[in-house]
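Student: Sharing a structure, written as structure tokens. Questions coming.
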């Protein structure tokens, strides 16, 4: 029985090398230990780079997925809050319109006494402290717009009069 030995192979051409030499007798490749180590190190270095890039891509994908998932939840929660605020109840809508008409009446009285409309809702409130300045539906303040001919009171939920 012949004892089969494993002979080293040339990394360039793949031929079996029968003795230790610094150069492949078939293709002439440098087989010194330093060149063999650097060839192995280069392929090992390439593998590390590929693994690192793959890991970074996986982390980036997970981060984007998490970001968009959280952003979607926030948008859905925000839409639910907005829809709750925008749908007026009858009682609060009626109260809101009564408040806006009181503000218009106060503007008329302010105009009669001062010869001009109030510049803003705070100035009007100083004139008549009994005015409600916020919508009972949303809790948001009313605003007024004065022109030379008219006054508009605006509620962020119920609109303007």
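The values are calculated or read from the model by the stated rules, or taken from the named source; none is laboratory data. Please read these numbers as outputs of a predicted model, since none were measured by experiment. Ideal geometry is used to build each Cβ from the backbone, glycine not excepted, and the neighbour counts take in all protein chains shown.
Student: Looking only at segment 129-142, count every residue that is part of a loop (DSSP other than H, G, I, E, B), within 20 Å of residue 159 (Cα to Cα) and without any contact (Cβ under 8 Å) to a residue 12 or more places away in the chain and tell me the total. If you could, list the steps in order and put the result at the bottom.
Tutor: To start, the set of residues in segment 129-142 that are part of a loop (DSSP other than H, G, I, E, B) comprises 129-133, 135-140, 142.
Narrowing further to those that are within 20 Å of residue 159 (Cα to Cα): 131-133, 135-140, 142.
Applying the additional criterion that residues be without any contact (Cβ under 8 Å) to a residue 12 or more places away in the chain yields 139.
Adding up the residues that qualify gives 1.
Student: Scanning for something within 16 Å of residue 156 (Cα to Cα), assigned to a helix (DSSP H, G or I) and modelled with pLDDT under 90, does segment 112-128 turn up at least one residue?
Tutor: The answer is yes; a qualifying residue exists.
Student: Output the number of the condition that residue 122 fails; it satisfies all remaining conditions of (1) without any contact (Cβ under 8 Å) to a residue 12 or more places away in the chain; (2) more than 38 Å from the chain's Cα centre (by Cα).
Tutor: The number of the failed condition is (2).
Student: If you don't mind, another one. Kindly indicate whether any position in segment 70-93 is modelled with pLDDT of 85 or more, in a helix (DSSP H, G or I) and over 16 Å from residue 160 (Cβ atoms).
Tutor: The answer is no; no qualifying residue exists.
Student: Right, another one. So which residues in segment 101-119 are within 43 Å of the chain's Cα centre (by Cα), more than 12 Å from residue 146 (Cα to Cα) and without any contact (Cβ under 8 Å) to a residue 60 or more places away in the chain?
Tutor: Within segment 101-119, the subset within 43 Å of the chain's Cα centre (by Cα) is 101-104, 118-119.
Now drop any that are not more than 12 Å from residue 146 (Cα to Cα), which leaves 101-103.
Matches in segment 101-119: 102, 103.
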